[in-house]
Amino acid sequence: MKFLTLSLYHPRVMRGGAQYVAKDLHDAAAADPEVDAVMLAAIDSRMFPQYSKTGASITALPDTDNEFLMPGRRFDDFFHRIYDPRRNKALKRFLEDHKPDVIHLHHSLWVGLEVIDLIRNTLPNVKIIYTLHEYLAICHRQGQLYRYHEGGICQDTRPDQCVGCFPERNVDEFILRRRGFKRAFAMVDEFISPSQYLKDRFVEWGLDADKITVIANGHHRRRPEGWVPKHSPELNVFGFFGQFVDAKGIDVALKAARRVAETTEREVEIKVFGGNKEYATKDYLAKIEAVLDDAPEELIVTEVGSYSRDNVFELMSTVDWVITPSIWPETFGLVVSEAWDARRPVLASRAGGLDGRIIDGVNGFSFLPGSDTGLAQLMEFCIGNAEVWQKMAHEMPDEITVDEAWAAHKALIAR
Amino acid sequence: MKTTFLFRNYAEANPDLAELYGNEDEAALREHYEKYGSVERRGVNLEDYLRVEKVLLSEEGHICIAGWADRRMAESIAVTLVVGYMMYEFGELRDQFCWYHRQDVAEVIGDFERPSGYLFLAQIPDFRMHSEVMVLVNGKKYYSSEAMRWMSVQSFMTDALATCAVLADRPVGATLPLTEKLAPGFSQVWTSYLDRLGFSCLYETGTDREGDRSIIITLYRDTSMLISQLETLAPALSGQPVELIVVANEYTGETALLAEQLAAFSQLHDVCLSMHLCSGNSGFSAGNNYGAKIARGETLIFMNPDIFPPEGQEDQAFAFLAGDPGEGLDGALLYYGDGSLMHSGMYTTADQAVDARMGFSQPVLRVEHYGKGLTAHVDDTEAELAEELREVPEDGLLVTAALWRIRKSVFEEVGGLSTDYIIAYYEDADFCLKMLEAGRPVRLDHSRWIHMEGVGKPKPPMLRTVMWLNRALYSRRFADSPFLAPAATDLFQL
């Protein structure tokens with residue numbers, strides 16, 4: 001089987017959850033003796049000119065056998081299309097040369113929805129599968145389904161509601177945007193959703209439930225065989241791992257920690273491993289500053305900086321509990337898989353895909369999104385609670401591996 | 001009561017008279033005053049009673065002046081324009097001025113009876129541009145420039161139209177007759193603007209294909225919906241004997257990018273497509289007329305850039321594109337983006353425009369859509385639709401040009417869309433009435449389409465004046481049409 005992965009970015013160009021998932025699956029496919037795997041990653045050539053060659057719409061990624069880049073010059077980030085004749089010509093030829101049996105699309109960003117037309121025109125019988133990594137088709141607000149102007153998860157995604165987030169646009173534009181996605185998605189054979197929540201939202205939006213299969217994102221285990229989890233003496237070290245941006249709820253975690261430190265007078269330590277702080281809004285950063293203003297000395301906050309999946313296991317081992325306080329409906333929550341790998345119970349908000357994954361008392365605890373009081377209660381319960389920690393650290397199941405995820409994909413392809 | 005003529009003051013203030021009559025000839029001075037001096041308002045500071053608030057001048061000698069005057073002190077106004085070595089005298093202007101009531105002025109000057117605001121629009125024949133310009137009103141300099149920045153005809157037209165929005169924004173009854181003062185001037189400007197416009201082909205593909213029908217889409221500036229529209233129309237275009245002609249008025253985006261997008265679209269869909277850019281804004285009529293002129297199809301389909309086949313009902317919509325309108329004109333059912341009914345035919349009816357203070361009463365026409373805003377939905381069954389359309393008559397109906405189907409020969413015989421209407425509005429109703437008056441059928445096809453007309457946005461001042469002028473023109477043309485809907489239709493039918 002010839003298997004083409006068409007992704008947004010490549011981890012070597014820019015790291016990110018969707019590109020890791022795409023690359024991991026490509027690698028698993030490439031390692032499969034029954035599969036001839038090719039990867040083509042769409043990128044923004046203006047952001048990464050070092051990967052762009054003048055006049056070439058598709059170029060090889062150095063030192064790889066079957067991995068290619070497709071630098072784009074422009075992208076309509078509302079309708080998610082490109083319509084570049086040079087790229088069309090190159091991609092058509094690429095498809096004709098490689099003749100894949102299956103094409104796995106991982107995104108519409110910088111890929112462009114019209115690529116699905118082109119694929120169907122060029123290879124009418126190819127099987128197209130599409131992994132829904134986020135809610136971009138439903139939500140123009142970075143696909144987050146979060147209403148920043150209201151401070152809550154968006155539960156009603158009808159076009160008139162979208163104007164609330166984008167008052168400069170009109171309802172018709174959102175109707176057309178939805179129509180454009182649906183028109184393209186009608187040409188897709190199978191969708192994959194990393195969580196039941198994301199599937200449910202897309203079914204509610206209009207996709208056929210029978211065409212969406214839930215397959216969790218596979219995880220590369222970093223935990224050595226026989227490794228024994230350990231905790232700090234006081235079991236009072238909490239870690240945040242993720243992007244330092246508004247919707248991740250760092251302020252919720254800090255407020256909760258401050259509340260615990262103030263009410264119990266026990267020491268609480270928060271380690272923030274957060275990247276992309278430059279993308280946080282000024283208001284959000286000010287909000288965090290305000291939380292820490294005149295904080296009690298029992299609250300110890302350390303901003304460690306960003307991390308990668310190469311060192312996340314070691315870093316997670318330096319905390320007792322991992323907090324995922326997201327206020328937007330996470331589609332999956334890769335950090336949860338990483339925490340379980342490091343045998344760290346997760347205190348997660350019940351936001352989106354996180355909700356279905358956390359089983360209270362088994363692999364962590366959950367609280368209402370945005371509720372610092374709810375999280376504070378959990379933190380208070382967890383601090384020093386060795387019995388609960390030990391039970392969970394030793395008994396919690398791991399997320400499926402990348403190989404298991406690939407096997408699930410193969411089963412879907414064969415269906 | 002004793003009345004005294006202060007002849008010494010009069011002589012002192014008017015040295016030319018003192019030289020003639022001396023300071024002591026009371027009788028001669030009084031006679032002069034009564035005959036000339038009081039009429040000429042000698043001794044009056046004119047600026048206290050006559051103001052020029054705006055002067056617009058175009059490179060082709062169009063002039064627009066706006067301001068106010070106390071009519072008791074400035075009964076007549078003489079405008080003179082000095083441009084370099086040429087002096088253009090309009091002489092005393094009474095009828096040419098468009099006078100209207102201004103409350104703000106009336107409160108200052110104390111005259112609530114006579115209109116005090118004025119607008120003046122004219123064109124100087126055989127005009128010569130120069131750097132030095134002076135505008136004199138009643139002999140007094142009101143405007144001058146030593147390095148005149150002349151407006152292009154387009155910017156003059158835009159600014160002059162915007163200046164007149166002060167009238168367009170009032171109830172039509174209060175201002176309708178005033179259009180007669182301004183319409184000839186604007187018509188001149190509009191015609192001279194249209195004359196200088198041209199069209200360039202930006203992109204074309206598949207034009208060697210034989211086709212019997214042409215879809216013409218005329219858009220203004222905004223191409224944001226174009227690719228979406230083409231995508232949804234693609235099944236009806238791909239490999240079909242249909243050409244699609246897009247005419248863009250005043251496109252301000254990147255032309256190279258637009259051409260690339262169209263080329264990329266053509267790679268994915270086997271279409272016959274061309275796009276033509278107008279050098280300015282030729283308006284709805286001239287844009288569509290141009291599309292019709294270059295169309296190769298026997299049947300023309302005029303389509304707005306925000307018309308889409310309904311999702312899941314494309315086939316019935318595309319059937320409209322394939323049908324033959326015969327000797328008539330066909331429109332279609334149009335629904336808003338949310339699926340509710342927007343158009344199921346139109347009628348035109350007359351109201352009486354009355355302004356008791358100005359002393360006039362005359363008919364003004366209005367165009368209404370049947371069924372607009374009803375709960376009818378694009379997904380309704382045929383039976384539900386039949387019930388919803390029960391009050392829509394088959395005869396004497398008008399249909400919106402947002403979507404039309406007509407044979408090219410018929411379109412040309414009727415004379416195309418009238419370019420007398422500035423930019424847009426009322427030209428489609430005009431065309432429908434001409435069709436009806438010529439005994440040709442105008443029909444509503446029951447195919448359903450989406451018209452992404454969206455929520456109305458505030459219209460800019462110039463466009464409000466355009467609507468006002470066009471409505472007045474439409475009213476003048478068709479006030480006596482036998483196809484006006486009776487009052488009962490207007491009051492009770494929907």
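Read-outs throughout are calculated quantities, based only on the coordinates presented, and are distinct from any laboratory measurement. This structure is a prediction, so every number in the text was calculated from the model and none was measured. Here the Cβ is made from the backbone with ideal geometry for all residues, glycine too, and neighbour counts use every protein chain on show.
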Spelling out what I want: for every residue of the stretch A:267-275, take phi, set θ = phi - 60°, compute 6.51 cos²θ - 1.76 cosθ + 1.60 (Karplus), and round to whole Hz; glycine and proline get x.
6, 10, 10, 10, 10, 9, 9, x, x
With r defined as the distance between the Cβ atoms of B:K2 and B:L491 and R0 fixed at 56 Å, what FRET efficiency is calculated, to the nearest 0.05?
0.30
Per q in 0.14, 0.17, 0.24 1/Å, what log10 I(q)/I(0) does a Debye calculation on the alpha-carbon atoms of the stretch B:36-115 return?
-0.55, -0.79, -1.31
Where does helix B:179-195 land angle-wise versus the long Cα axis of chain B, in degrees 0 to 90, nearest 10?
60
For the stretch B:247-374, what value does the Rg/Rh ratio take when both radii are computed over Cα atoms and Rh is the Kirkwood radius, given to two decimals?
1.06
Once the dipole of the protein assembly as shown is set up with Lys and Arg at +1 and Asp and Glu at -1 on Cβ about the Cα centre, which of A:L198, A:S45, B:I65 lies farthest towards its positive end?
A:S45
In chain A, if every C-alpha pair distance is counted and binned at 20 Å from zero, what percent goes to each bin?
26, 55, 19, 0
Fraction of alpha-carbon pairs over 30 Å apart in the stretch B:199-492 - percent
31
Going by alpha carbons, how many degrees (0 to 90, nearest 10) lie between the helix axis of A:196-205 and the longest principal axis of chain A?
50
What percentages make up the Cα-Cα pair-distance distribution of the stretch A:309-415 when the bins are 10 Å wide from 0?
15, 43, 31, 9, 2
Farthest toward the dipole's positive end in the protein assembly as shown, which of B:A74, A:I288, A:S306, given Cβ charges of +1 (Lys, Arg) and -1 (Asp, Glu) about the Cα centre?
A:S306
From fewest to most C-beta neighbours within 10 Å, the residues A:I250, A:I383 line up as A:I383, A:I250
Computed Rg/Rh for the protein assembly as shown (Cα atoms; Rh = Kirkwood radius) stands at 1.11
What's the Cα-based Rg to Rh of the stretch B:34-192, Rh via Kirkwood?
0.96
Which links in A:K199/A:K248; A:K99/A:K127; A:K53/A:K182; A:K248/A:K277; A:K199/A:K287 stretch past 23 Å when you go from one Cα to the other?
A:K53/A:K182; A:K199/A:K287
B:A383 and B:R128 label points (each 7 Å along its Cα→Cβ direction) are spaced in nm at 8.1
Label B:N23 and B:A259 with points 7 Å out from Cα along Cα→Cβ: what is the distance between them in nm?
8.2
At 0.36 nm per residue, and after removing the present C-alpha to C-alpha distance, how many nm does the segment from B:A13 to B:A319 gain when stretched out fully?
101.8 nm
Please give the charge dipole size of chain A, origin at the Cα centre, charges +1 on K and R Cβ atoms and -1 on D and E Cβ atoms. Round to the nearest 20 debye.
1700
Mind sorting A:W328, A:W110, B:W449, A:W389 by how few other Cβ atoms lie within 10 Å of their own Cβ, fewest first?
A:W389, A:W110, B:W449, A:W328
Enumerate by residue number the trypsin sites (Lys or Arg not before Pro) in the stretch A:196-269 meeting two conditions: DSSP loop (anything except H, G, I, E, B), and at most 11 other Cβ atoms within 10 Å of the site's Cβ.
A:K230
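Return A:H394, A:H104, A:H220, B:H451 ranked ascending by Cβ neighbour count within 10 Å, so the fewest neighbours appear first.
A:H394, A:H220, B:H451, A:H104
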List nothing, just return the count: lysine pairs in chain B, 8 or more apart or interchain, with Cα separation under 27 Å.
17
Which whole-number percentage describes the relative contact order of chain B, with Cα contacts under 8 Å and a sequence gap of 6 or more?
14
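How far, in nm, would the chain grow between A:D97 and A:V163 when pulled straight, counting 0.36 nm per residue and subtracting the alpha carbon separation?
Length gained, A:D97 through A:V163: 19.4 nm.
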Per DSSP H run of n ≥ 4, the term is -39500 (n - 2.57); total these for the protein assembly as shown, divide by its residue number, and report the mean residue ellipticity at 222 nm rounded to 500 deg cm²/dmol.
-10000 deg cm²/dmol
Segment A:E34-A:M1, extension gain: residue separation times 0.36 nm, minus the distance between their alpha carbons:
11.2 nm
Report the percentage of all Cα-Cα pairs in chain B whose separation exceeds 43 Å, rounded to a whole percent.
31
Degrees between helix A:282-292 axis and first principal axis of chain A (Cα, 0 to 90, nearest 10)
20
Cα centre as origin, Lys/Arg/Asp/Glu Cβ charges: chain B dipole, Debye
1280
Which of the lysines could be linked to A:K230 by a straight reach, that is with a Cα gap under 24 Å, when you skip same-chain ones fewer than 8 residues away?
A:K271, A:K391
Net charge of neighbours whose Cβ lies under 11 Å from the Cβ of B:Y251, counting Lys and Arg as +1 and Asp and Glu as -1:
-2
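Set the Förster distance to 25 Å, then compute FRET efficiency between A:D189 and A:M14 from the Cβ-Cβ distance, nearest 0.05.
Here the calculated transfer efficiency is 0.30.
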Would you mind telling me the antiparallel percentage of the DSSP bridges in the protein assembly as shown, rounded to 5?
45
